[in-house]
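Accompanying notes for the structure given below.
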Amino acid sequence: MSFQAYLDNAEKQTGITPRAFLGLAAEKKLTKHGELVTWLKTEHGLGHGHATAIARLVTKGPEFVAEHHTGGVLHLDGVAARA
């Protein structure tokens, strides 16, 4: 599964876009991978893989993820924004 697919599926499961997850994590001042994964699994019901993808997005940042995981293209505003 591609990194973008993990983000898209996390959105489908929760109704929260990747950009919104970035904002929520910032509001909660969550910056460590482990604490992010725990939060995503317990409060949002994500599985480990999807939680890990969101946590990586938060900890490494969108630019890093786009460069290293998605070939330079990263969609953060949700599946509907691409339709």
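Nothing in this text is a laboratory measurement; each read-out follows from the coordinates by a stated rule. No experiment lies behind these values; they were computed from the predicted model shown. When we count neighbours, we look across all protein chains shown, and the Cβ atoms used for this are built from the backbone with ideal geometry, even at glycine.
Points worth noting:
- Taken along the Cα-to-beta-carbon direction at a fixed 7 Å, the label points for residue 38 and residue 83 span 3.7 nm.
- Structural descriptor for the chain: relative contact order 40 percent, calculated from alpha carbon pairs under 8 angstrom and at least 6 residues apart.
- Dimensionless Rg/Rh of the chain - Kirkwood Rh, Rg from C-alpha atoms: 0.92
- Computed FRET value (nearest 0.05) for residue 1 with residue 63, which takes r as the C-beta separation and R₀ as 25 Å: 0.70
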